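Peer 1: Below you will find the structure I want to go over with you.
The values are calculated or read from the model by the stated rules, or taken from the named source; none is laboratory data. If you're wondering where the values come from, they're calculated on a predicted model, not measured in any experiment. Cβ atoms come from the backbone with ideal geometry, glycine included; neighbour counts cover every protein chain shown.
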Amino acid sequence: MLKSAVLFSHRKMQFHIFTEESLQPEFDKQLRQWPDSYTKKFVHKIYPITFSVGNPQEWKKLFKPCAAQRLFLPVILKDVDSLLYVDTDVLFLRPVEDIWKLLRQFNSTQLAAMAPEHEIPKIGWYSRFAQHPFYGSAGVNSGVMLMNLTRIRSAQFKNSMIPTGLTWEDMLYPLYQKYKNSITWGDQDLLNIIFYFNPVGMTGSGLRIQSTILKA
């Protein structure tokens with residue numbers, strides 16, 4: 001995934017990499033062994049898996065060990081304004097800048113962009129099987145997520161737990177506790193629940209081009 005991003009990009013990038021502590025030295029070593037033509041196009045920082053609220057062991061068991069980490073990026077990366085989160089099985093086919101441009105298309109309320117979970121809602125997983133609220137008619141897939149972290153940190157999110165809004169960090173663990181027996185796809189389901197109650201925060205704008213930029 002990282003090599004394909006570097007290969008097609010025309011601008012220098014910054015990678016924020018989250019992995020288990022035992023894997024960090026080898027990960028860093030391998031990146032530094034890349035050819036200069038690659039390494040000059042990016043800087044990187046490696047972080048341990050960290051959960052700021054709730055029981056870390058519960059979060060690690062949520063779908064996959066590292067999957068829930070994406071929920072905590074706005075909290076951990078306090079000095080980062082915006083980022084593109086991608087799963088490790090994603091392959092870039094065009095410059096990352098092509099999807100990064102979508103940030104400029106966000107309106108005043110939008111703070112994240114994800115692609116639909118299925119192109120045909122009536123045969124998608126969420127419309128047929130979900131036992132919890134989900135965004136739109138098909139739900140969203142969290143494998144690629146464009147995020148304005150500054151807006152996420154400052155927003156108050158509507159929810160099904162209290163009549164007033166909650167910050168992103170304050171909402172995560174109570175939300176998980178309420179729906180943990182109803183979710184199948186872990187953090188992706190929680191994101192669907194969040195944006196079901198906060199649809200103005202989500203945009204699918206431009207993610208029609210996802211299939212030509214990215215391949216999972």
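Peer 1: Within region 131-158, which residues are part of a loop (DSSP other than H, G, I, E, B), surrounded by fewer than 20 Cβ atoms within 10 Å (Cβ to Cβ) and touching a residue at least 40 places away in the same chain (Cβ under 8 Å)?
Peer 2: Let us first name the residues in region 131-158 that are part of a loop (DSSP other than H, G, I, E, B), namely 131-139, 155-156, 158.
Cutting the leftovers down to surrounded by fewer than 20 Cβ atoms within 10 Å (Cβ to Cβ) gives us 131-133, 136-137, 155-156, 158.
Across region 131-158, the qualifying residues are GLN131, HIS132, PRO133, GLY136, ALA155, LYS158.
Peer 1: Would you mind telling me which numbered condition in (1) touching a strand residue (DSSP E or B) at 6+ places or on another chain (Cβ under 8 Å); (2) surrounded by 14 or more Cβ atoms within 10 Å (Cβ to Cβ) GLN105 fails?
Peer 2: Failed condition: (2).
Peer 1: Taking the condition among the charged types (D, E, K, R) and out of contact with any His (no Cβ under 7 Å at 6 or more places or on another chain), does LYS64 pass?
Peer 2: For LYS64, the condition - among the charged types (D, E, K, R) and out of contact with any His (no Cβ under 7 Å at 6 or more places or on another chain) - is met.
Peer 1: Restricting the search to region 159-180, which residues are closer than 20 Å to PHE51 by Cα and assigned to a loop (DSSP other than H, G, I, E, B)?
Peer 2: So in region 159-180, the residues closer than 20 Å to PHE51 by Cα come out as 166-180.
If the condition is that a residue be closer than 20 Å to PHE51 by Cα and assigned to a loop (DSSP other than H, G, I, E, B), then THR167, LYS180 are the ones that fit.
Peer 1: Right, here's the next one. How many residues, within region 159-178, are at pLDDT 95 or above, surrounded by 17 or more Cβ atoms within 10 Å (Cβ to Cβ) and over 19 Å from the mean Cα position of the chain (by Cα)?
Peer 2: Number satisfying all stated conditions: 1.
Peer 1: OK, next. Within 22 Å of LEU91 (Cβ to Cβ), touching a Pro at 6+ places or on another chain (Cβ under 6 Å) and modelled with pLDDT of 90 or more: does that describe SER4? Even if it seems obvious, please write down each step before you answer.
Peer 2: Working: within 22 Å of LEU91 (Cβ to Cβ): yes; touching a Pro at 6+ places or on another chain (Cβ under 6 Å): no; modelled with pLDDT of 90 or more: yes.
No: the conditions fail for SER4.
Peer 1: Further question: Given (1) modelled with pLDDT under 95; (2) of a type outside the set (Gly, Ala, Ser); (3) under 30 Å from PRO174 (Cβ atoms); (4) surrounded by 14 or more Cβ atoms within 10 Å (Cβ to Cβ), identify the lone condition not met by THR39.
Peer 2: Unmet for THR39, out of (1) modelled with pLDDT under 95; (2) of a type outside the set (Gly, Ala, Ser); (3) under 30 Å from PRO174 (Cβ atoms); (4) surrounded by 14 or more Cβ atoms within 10 Å (Cβ to Cβ): (3).
Peer 1: Would a scan of region 48-64 turn up a residue that is among the small types (Gly, Ala, Ser), touching a helix residue (DSSP H, G or I) at 6+ places or on another chain (Cβ under 6 Å), surrounded by 13 or more Cβ atoms within 10 Å (Cβ to Cβ) and under 30 Å from GLN105 (Cα atoms)?
Peer 2: No - not one qualifying residue is present in region 48-64.
Peer 1: Select from region 179-195 the residues that are polar (S, T, N, Q) and under 14 Å from the mean Cα position of the chain (by Cα) and list them in ascending order. Give the steps one after another, and end with the answer.
Peer 2: Of region 179-195, the ones polar (S, T, N, Q) are 181-182, 184, 188, 192.
If the condition is that a residue be polar (S, T, N, Q) and under 14 Å from the mean Cα position of the chain (by Cα), then GLN188, ASN192 are the ones that fit.
Peer 1: Right, here's the next one. Report the residue count in region 112-130 for those that are small (Gly, Ala, Ser) and part of a loop (DSSP other than H, G, I, E, B). Write out each step before concluding.
Peer 2: We begin by selecting, within region 112-130, every residue small (Gly, Ala, Ser); these are 112-113, 115, 124, 127, 130.
If we keep only those that are part of a loop (DSSP other than H, G, I, E, B) as well, we get 124, 130.
Matching residues across region 112-130 total 2.
Peer 1: If the Cβ limit is 6 Å and pairs must be 6+ apart or interchain, which residue in region 38-53 that is more than 21 Å from CYS66 (Cβ to Cβ) pairs with which residue that is part of a loop (DSSP other than H, G, I, E, B)?
Peer 2: LYS41/LYS12
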